[in-house]
1. Could you pull out every residue, at least 5 positions away or on a different chain, whose amide H is within less than 5 Å of the one on Y30? Hs are placed 1.01 Å off N in the peptide plane, and Pro or chain starts have none.
2. Convert each backbone phi in the stretch 340-346 into a coupling constant with the Karplus relation 6.51 cos²θ - 1.76 cosθ + 1.60 (shift: θ = phi - 60°), then list the ³J(HN,Hα) values in order as whole Hz, x for Gly and Pro.
3. How much FRET efficiency would the formula 1/(1 + (r/R0)^6) give for N150 and L227, where r is the Cβ-Cβ distance and R0 is 56 Å, rounded to 0.05?
4. Work out from phi, with θ = phi - 60° and the Karplus expression 6.51 cos²θ - 1.76 cosθ + 1.60, the ³J(HN,Hα) of each residue of the stretch 188-195, listed in order in whole Hz, and give x for Gly and Pro.
5. Once each part is reduced to its C-alpha centroid, what is the distance from the stretch 238-274 to the stretch 312-379 in angstrom?
6. Got a sec? Charge dipole of the stretch 255-369, +1 on Cβ for Lys and Arg, -1 for Asp and Glu; which of T297, Q338, G323 is way out at the positive end?
7. Give the long-range amide H neighbours of E399: residues separated by 5 or more places, or on another chain, with amide H under 5 Å away, using H modelled in the peptide plane at 1.01 Å from N.
8. Considering only L419, L254, L375, give the residue with the highest GNM mean-square fluctuation for the chain, with springs between Cα atoms whenever their separation is below 10 Å.
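Just so it is clear, none of the values below were taken in a lab; they were calculated from the coordinates. Since this is a predicted model, take the numbers as computed values, not measurements. Please note: Cβ atoms are built from the backbone with ideal geometry, for glycine as well, and neighbour counts cover all protein chains shown.
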Amino acid sequence: MIAFTIVILFICYVNTAKSSYCYWNTGCPYKYLSTETPYSSVRGDIRDSIVKLTGCEPVSLWGIYRHGKRQPSTHFGRMMKEAISIRNYVVSSYEKGHSSLCAQDVENLRNWEFNGSFFDGKQDITEEGRREMIGLGKRLKEAFPTLLNNLEKDSYTFRSARGPWIEKSINHFVMGLGNGNLIIDASKADLDIMDPYATCSSYQKNVQNNPEIFAEADKFLNTSDYLATKDRIQRRSGIDYTLSDENVTALYDLCRYTWSAIDDKLSPWCALFTKDDLQVLEYIQDLRHYYKNGYGTSVNEIFGRIPLGDLVQSFENVKRGDGKKIVAYVTHATMLDQIYTALGLFRDNEPLTGSNRDRERKWRTSKISVFSANLVAVLNRCVKEGLSDYNVVFYLNEEPMRSICEEGVCSWREFDSKLRPFINTTIDFC
Ligand SMILES: *[C@@H]1O[C@H](CO)[C@@H](O)[C@H](O)[C@H]1NC(C)=O
Ligand SMILES: *[C@@H]1O[C@H](CO)[C@@H](O)[C@H](O)[C@H]1NC(C)=O
Ligand SMILES: *[C@@H]1O[C@H](CO)[C@@H](O)[C@H](O)[C@H]1NC(C)=O
Ligand SMILES: *[C@@H]1O[C@H](CO)[C@@H](O)[C@H](O)[C@H]1NC(C)=O
């Protein structure tokens, strides 16, 4: 395994060190695409990673999930559709010998098939998104067979936030559990614990729809770090057309949205970028989400406490004997980011800023807010010397999270002291 890894690292090193780098055969494409990263690029597998504790059995699962891969929204879809014409400049520049892109990369881009309805802003998940959500449900069931094989009425809660792509995501998740007649609750039009910010008008005004929130991301567009990237894209493709920042974003989105992880097909649009370029563009997204959903704006922490309060109460009900075997909420990346913030996870010592890209930063949307990203807590009942005791294990994207509690297992007392304060969180500032 180690030797194999070394070989891979070596191949990657040689490839990136070559002066004419080809995308199509790199073997090691950079796969971290911020919130548009395919789930399969970062997920673990709960069937392998489940923490088995002697004398304990899982008695309840509580989880919050981001929807699966979706089609681009109307705005971004329109920008991407318009940017497709840049392909003609890329091809003709190559034909004139002005391009340093590889022949096969240009050919793949030329042969890339345009599918108009994909960019029409339909609020739907993609085939990849459907499969990701089914796969998640299926693997959970295989990892927790005794718990999930027979879900009687009232032993579960499945609910999503509003929106066709989110509702379809939970449908497929539940389908993956493979248990005939499970009922999915209707999503709520008013306040819900899985997206309390959505109905909060002050948040909508001051954060979600406030362009000031992106000030650091905008500032970054003036750094040499970003300008070198823009220049590199322009020079490698050799096009006469002068790319604006909006064009770069649209091309990046084309790369991210037309990457097909289910059949392991890279997007030829990604060939316009080097790995360094993709890292720079990833940082812009991290900045945007850090200020909109994370530590950059203090109110996010408060919203994050609300679903965590639901988690403590849910497990407490189980301990009292009238809880659920599984609770699953499907929602937006915003909610997951806010929960991480409330828990103090992925917090950098210094705030992220537009003037300095910290390559070792902890806040990486490509790891924590990808399509189908999920945080699942498992309540275990342990019997020792005839007495029942409980503990909680957290999983992020199907890998145990070691950073919440010592060794990744929270004693009930630790769990309770961390999360109980979140019960009754008020958002009267809304
Ligand atoms: C490039 O961006 C500009 C705005 O900055 C826009 O007007 C133009 O239509 C874009 N070009 C393409 C081909 O998308
Ligand atoms: C085009 O996109 C739509 C919407 O995503 C999808 O349903 C359809 O299968 C796609 N068609 C082809 C030929 O890929
Ligand atoms: C970026 O630089 C331009 C030109 O120097 C300046 O007008 C603009 O305000 C700067 N933008 C930010 C966000 O700092
Ligand atoms: C939450 O509010 C309820 C009702 O007001 C109260 O009974 C309960 O003790 C509160 N819980 C916490 C942890 O503050």
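1. none
2. Along the stretch 340-346, the couplings run 4, 5, 5, 8, x, 8, 6 Hz.
3. Numbers: r = 60 Å, r/R0 = 1.06.
So, using R0 = 56 Å, E works out to roughly 0.40.
4. Coupling constants for the stretch 188-195: 8, 7, 9, 3, 9, 5, 8, 7 Hz.
5. 29
6. G323
7. When sequence neighbours closer than 5 places are left aside, the close amide H contacts are G44.
8. Evaluated over the chain, the most mobile residue of the options is L419.
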